[in-house]
1. Between residue 73 and residue 109, what's the calculated FRET efficiency when r is the beta-carbon distance and R0 is 30 Å? Round to 0.05.
2. For labels at residue 59 and residue 44 in the simple 7 Å Cα→Cβ model, what's the distance in nm?
3. What residue among 19, 129, 72 shows peak mean-square fluctuation when the chain is described by a Gaussian network model with Cα springs under 10 Å?
4. Which order results if 62, 161 are arranged by neighbouring Cβ count within 10 Å, fewest first?
5. Exactly which chymotrypsin sites (Phe, Trp or Tyr not before Pro) in the stretch 99-135 are in a DSSP loop and have at most 16 other Cβ atoms within 10 Å?
6. Given a Förster distance of 25 Å, report the FRET efficiency between residue 5 and residue 160 from their Cβ-Cβ distance, rounded to the nearest 0.05.
7. Return the whole-Å distance between the Cα centroid of the stretch 92-167 and the Cα centroid of the stretch 1-68.
8. Name the shape class, rounded, prolate or oblate, that the alpha-carbon gyration tensor gives for the stretch 37-81, where a ≥ b ≥ c are the square roots of its eigenvalues, rounded holds for a/c under 1.5, and otherwise prolate holds if a/b is larger than b/c and oblate otherwise.
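We did not get these values from a lab; they are worked out from the coordinates using the rules stated. A quick note: this is a predicted structure, and the numbers were derived from the prediction, not measured. Because the Cβ atoms are built from the backbone with ideal geometry, glycine has one as well, and the counts that use them run over all protein chains shown.
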Amino acid sequence: MVILIVLAVVVVAVIAIYNGLVRLRAQADNAWADIDVQLKRRYDLVPNLVETVKGYAGHERSTLEAVVSARNHAMTAQGPAAKAEAEGALTQALRQVFALAEAYPQLRAAENFAQLQTSLGQIEDAVQNARRYYNAVVRDLNTRIAQFPSNLIAGSFGFTSREFFELSSEAERQAPKVSFETAGR
C-alpha cells in the first residue's frame, strides 16, 4: 500500500512538472509570436517612412537604401540572436533617417513624417514590452529546465533551453542623442 502511494505521488509530481514545462514552452512560443507581430508592424511602417523622406530628401539615396536593406535583412532573420542583431542594424539605419530630418526643416515639419515618427515610437515601445515579456518567460523556462528534479523530466521529454532576445552591440544599449538645436544658431 505504501509503495502504491509513493508511486502515485511520483506520477503526480512528474505530471505536474511536465505540464509546467509545457505551459512555459507555450508561453515562450506565444511571447515570440508577439514579438513577431510588433516587428511586422515596424516593417510595414518603414516603407512609408522611406517614401516620405524620399519626397523631401531624395538625394540621400544611400541612407534610404540602407534602411530598406536593413529592413529586408531583419524580416528574414531567424531566431532570437539573429533577429536581435538584424533589429539593431535596422534601428541604427532608422536613426540615420531621423537625423536627416534635422537637416531638412520642411521634412521635420511635414505632418505625415511626424505621424510616422509617432507611430514608430509607439511600435518601439510595444516591441520593447514584448521583448521584456519574452525574456521573462524564457528565464522561467530555462530555470525550470535546469532545476532538479524538473531537469530530469525536461531531458527525458526533449525540452531545451531558449535563447534570450538580447541587444547585440554596446551601441544599441546607449540612449539616442537628440538635439533640437539647428545649425547657425
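1. Efficiency computed from Cβ-Cβ geometry: 0.45.
2. Computed distance between label sites residue 59 and residue 44 equals 3.6 nm.
3. It is 19.
4. If I rank by nearby Cβ atoms, fewest first, I get 62, 161.
5. Sites meeting the loop and neighbour criteria: none at all.
6. 0.15
7. A separation of 9 Å, based on Cα centres.
8. Note, shape of the stretch 37-81 comes out oblate.
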